[in-house]
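The values are calculated or read from the model by the stated rules, or taken from the named source; none is laboratory data. Quick caveat, the model's predicted, so the values are computed rather than measured. All Cβ positions, glycine included, derive from the backbone under ideal geometry; neighbour counts span all protein chains shown. Remember, those area values only see protein heavy atoms, side chains included, never the ligands or the DNA or RNA. Shrake-Rupley method; radii C 1.70, N 1.55, O 1.52, S 1.80 Å.
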Amino acid sequence: MDIFANLLLGLSVAISPINLLYLFFGVMLGMVVGIIPGFGPAAGIAILLPITYGMDPTGAVIMLSAIYYGSMYGGTITSILLNTPGDSATVASTFDGYPLAQQGRAGPALVMQAVASFVGGTFGVILITLLAPLFAQVTRSFGPPEFFLLVMMGLLTLIVMIGGNWRYGVISALIGFALGTVGVDLETGQTRFTFKSAEMIGGIDFIPIAIGLFGLGELYYAFYQGLHLWGSGGIVQYQKEKRFWPELRDFVDTKFSVLRGSVLGFCIGVIPGAGATIASLMSYSLEKSVSRTPEKFGKGAMEGLVGPEAANNAASSGAMVPLLSLGIPGSASTAVLLAAFLMWGLTPGPLLMTQKPEFAWGLIASMYLGNMALLGLNIFAIPLFVQVIKVPYRILAPAVVLICTIGTYSVNGSIVETGLMFLAGLVGFFMKLYGYSPAALVLALVLGPLAEQSLRQTLTISRGSFWIFLERPTSQWILGVTAVILVAGLLLRRTRREEE
């Protein structure tokens, strides 16, 4: 009963006119962010984060979260129409989505992906409603040792499960930790690594770093790939469109694919660091393995489209569980969301749902409304969003640079931070080019000060002994879960390499 009472409280917050406006604005922006090739939710959230300054924290986080899960819908439009995934999580959607469009079934494919995304996203939010309070109750007794181990668990699993060489992920995280030490040591009062600059005494803000790494870094990488040479040629030619709406058999043939993708995606999404990309690829592999006609996959099988679509949207919902209940972001996007929470003085974790129930439940309730809004947008506004695909990158890129610059400068009015943003953009480009992890860097930058503080508190309690991590039962459980997740991460990496 408490869950339903809390959900009603959340709905009363989410349906306020101003929050509904922020929600609709967020899902629209999320769709656009997902449609733009090379961009993703992390870049969209980082770039648009400064515009939420001065907003109510609840409305701001509702909008940023809507950008996050809305981009999962939008990224599939380019996957189906152009064979160009808007984000890595929609790569699996190109395998059968683009062949369906070539066969003259772009309309049914777009509608079916919208329905599958809605089912997966809503299924994930229902499980958030049921599981997040349970997670929060279990973690209420956590002390500094447990919080330190949770931070390490989130970071280690992200490093292991993220694409590329895990050693590069470790190096990226160490860079983030190093940046997090800049400023004043709160225990000794001494300045650290400020190079006698007054601007650096307060430390390095995550906003210019996140905007640079994800916003400008992705843009520079797009230039490197030659997307700035992409004109406004529009959509490639297909067979004549047969019909826009799916047939009844499309729904009948894919009902179990949607269910399997939703369950698998949520389970993968809850694991910190796993992410929607792994969930969608695993879903595609699962659908192909259980299909009676696996030879159709890659040639336009509807099951090969809707399964991964349900999985990546359920995974994006699942990633909110560790964020809200444990304060552990499971991906680059949720790392930026965590930073936004901290910016407004909101600390995700065991006490969030009891101390700020209107915020936590307002966010959860808004996700139900957001998925309904996205279903309607995907089905009825597809022609409008297709026009975004036709905007040349040479026009889009200067607008992105301008938004990044104005957004960064407007936060603190600092030229130094603006310069840091451009420098972080170059670093982000080379990290992406050579396989390093911008996500691990930002995550370590955000969590580094929290990890340092909890570690110092732990060593004060234990009088300098690290055995405290093995003496407390809860810490032993966290260490065990971390070990299981790391092993699972290694297996998932092997599966992903085989899929690639």
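Worth a mention:
- Here Ala136 fits the description: open to solvent by less than 40 Å² (accessible area, probe 1.4 Å) and either modelled with pLDDT of 85 or more or assigned to a helix (DSSP H, G or I) (or both).
- The set of residues in segment 432-443 being at pLDDT 80 or above and assigned to a helix (DSSP H, G or I) consists of Lys432, Leu433, Tyr434, Pro438, Leu441.
- Here Pro449 fits the description: surrounded by fewer than 20 Cβ atoms within 10 Å (Cβ to Cβ) and either touching a strand residue (DSSP E or B) at 6+ places or on another chain (Cβ under 7 Å) or in contact (Cβ under 8 Å) with a residue 12 or more places away in the chain (or both).
- Any hit, segment 345-356, residues being more than 30 Å from Leu441 (Cα to Cα) and either modelled with pLDDT of 80 or more or hydroxyl-bearing (Ser, Thr, Tyr) (or both): yes
- Qualifying residue in segment 1-19 (condition: outside any loop (DSSP other than H, G, I, E, B) and within 14 Å of the chain's Cα centre (by Cα)): no
- Subset of segment 84-94 [of a type outside the set (Ser, Thr, Tyr) and either modelled with pLDDT of 80 or more or over 20 Å from Asp250 (Cα atoms) (or both)]: Pro85, Gly86, Asp87, Ala89, Val91
Each row is one residue, and each column tells you yes or no for (1) modelled with pLDDT of 75 or more; (2) in a helix (DSSP H, G or I); (3) surrounded by fewer than 16 Cβ atoms within 10 Å (Cβ to Cβ); (4) touching a Ser or Thr at 6+ places or on another chain (Cβ under 8 Å).
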site: Asn378; (1), (2), (3), (4): yes, yes, no, yes
site: Phe385; (1), (2), (3), (4): no, yes, no, no
site: Thr408; (1), (2), (3), (4): yes, yes, no, yes
site: Glu417; (1), (2), (3), (4): yes, yes, no, yes
site: Gly425; (1), (2), (3), (4): yes, yes, no, no
site: Phe430; (1), (2), (3), (4): yes, yes, yes, no
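- When segment 171-189 is filtered for residues that are of a type outside the set (Val, Ile, Thr) and open to solvent by 40 Å² or more (accessible area, probe 1.4 Å), the ones remaining, listed by number, are Leu174, Phe177, Ala178, Leu179, Leu186, Glu187, Gly189.
- Within segment 49-65, the set of residues being modelled with pLDDT under 80 and either surrounded by fewer than 24 Cβ atoms within 10 Å (Cβ to Cβ) or basic (Lys, Arg) (or both) comprises Pro50, Ile51, Thr52, Tyr53, Gly54.
- Among the residues of segment 95-110, those that are assigned to a helix (DSSP H, G or I) and among the small types (Gly, Ala, Ser) comprise Gly97, Ala101, Ala106, Gly107, Ala109.
- In segment 285-297, the residues that are touching a residue at least 24 places away in the same chain (Cβ under 8 Å) and over 9 Å from Ser257 (Cβ atoms) form Cβ pairs under 8 Å with partners that are polar (S, T, N, Q) and crowded, with 16+ Cβ neighbours inside 10 Å, at six or more places apart or across chains, as follows: Phe297/Ser291.
- The residues listed here are Lys288, Lys255, Lys242, Lys296; of these, the one that is out of contact with any Asp or Glu (no Cβ under 7 Å at 6 or more places or on another chain), of a type in the set (D, E, K, R) and modelled with pLDDT under 75 is Lys242.
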